[in-house]
């Protein structure tokens, strides 16, 4: 009964069917660590993973929830966390961030994140493609062109940009969004426009840029496109 209820919960949260499939899983969209088990999505079906799974960006996730990115530090997926094939880690409260080493701008501060741990940049960092990023938020390309980093922008140490993601969620009766790397509460009488044109109302109504409406359910997390990057 407990397993059946858990499957029903996941169908509501992620919109997929639930199955228990023995053996290794080779193709999947995301993984979830729940009740000390690793679950994967394959062609819209949720299954318990019987062996380690591999995501893009050289991410390897073990069945006990431990994972590594390339040769980095071993880390732990916590209860209810989802790791998608784009390298984005979604936490139960709705926050989202990449597990790959990266540089980002958050509320005007340049952060260097390695093995999941962030620190503020002091001085200048040089990326693998010759791009330099300074602690004041300026980014200078190898050709000499420069501009300011935008809040929410993400760059790998190699120099390539990572797709930014925002989230929309209903937690403990409150509508919350992560926008440009920051979690915000949308009060009942207010609304907020996301970077992709989605409008979020404080009563839980979500309106996409085509005018289609939906109502958030408790604990539901929607992932939408984040800040538009300029290269």
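The values are calculated or read from the model by the stated rules, or taken from the named source; none is laboratory data. Model, not experiment: these values are computed from the prediction. Quick reminder, even Gly has a Cβ in these numbers, built from the backbone with ideal geometry, and neighbours come from all protein chains shown.
Structure notes:
- Some residue of the stretch 215-222 being in contact with a helix residue (DSSP H, G or I) (Cβ under 8 Å, 6 or more places away or on another chain) and part of a strand (DSSP E or B): yes
Table: residues versus (1) within 27 Å of residue 194 (Cβ to Cβ); (2) modelled with pLDDT of 95 or more; (3) touching a helix residue (DSSP H, G or I) at 6+ places or on another chain (Cβ under 9 Å).
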position: 81; (1), (2), (3): yes, yes, no
position: 86; (1), (2), (3): yes, no, no
position: 109; (1), (2), (3): yes, no, no
position: 144; (1), (2), (3): no, no, no
position: 160; (1), (2), (3): yes, no, no
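- Flag if residue 96 is under 30 Å from residue 219 (Cβ atoms) and touching a strand residue (DSSP E or B) at 6+ places or on another chain (Cβ under 7 Å): yes
- The lone exception for residue 100 - which of (1) within 20 Å of the chain's Cα centre (by Cα); (2) part of a strand (DSSP E or B); (3) touching a residue at least 24 places away in the same chain (Cβ under 8 Å) it fails: (2)
- The stretch 210-231: number of residues that are closer than 23 Å to residue 81 by Cβ and surrounded by fewer than 18 Cβ atoms within 10 Å (Cβ to Cβ): 4
- For the stretch 144-169, the set of residues classified as surrounded by fewer than 19 Cβ atoms within 10 Å (Cβ to Cβ) and in a strand (DSSP E or B) consists of 146, 147, 148, 156, 161, listed by residue number.
- When the criteria are applied in full, residue 123 meets the requirement of being out of contact with any strand residue (DSSP E or B) (no Cβ under 7 Å at 6 or more places or on another chain) and farther than 20 Å from residue 97 by Cα.
- Residue within the stretch 105-127 that is part of a strand (DSSP E or B), in contact (Cβ under 8 Å) with a residue 60 or more places away in the chain and under 28 Å from residue 218 (Cα atoms) present: yes
- In the stretch 69-90, the residues that are in contact (Cβ under 8 Å) with a residue 24 or more places away in the chain reach residues that are in a strand (DSSP E or B) and surrounded by fewer than 16 Cβ atoms within 10 Å (Cβ to Cβ) with C-beta atoms within less than 8 angstrom, at least six apart or across chains, in these pairs: 72/114; 75/66; 77/66.
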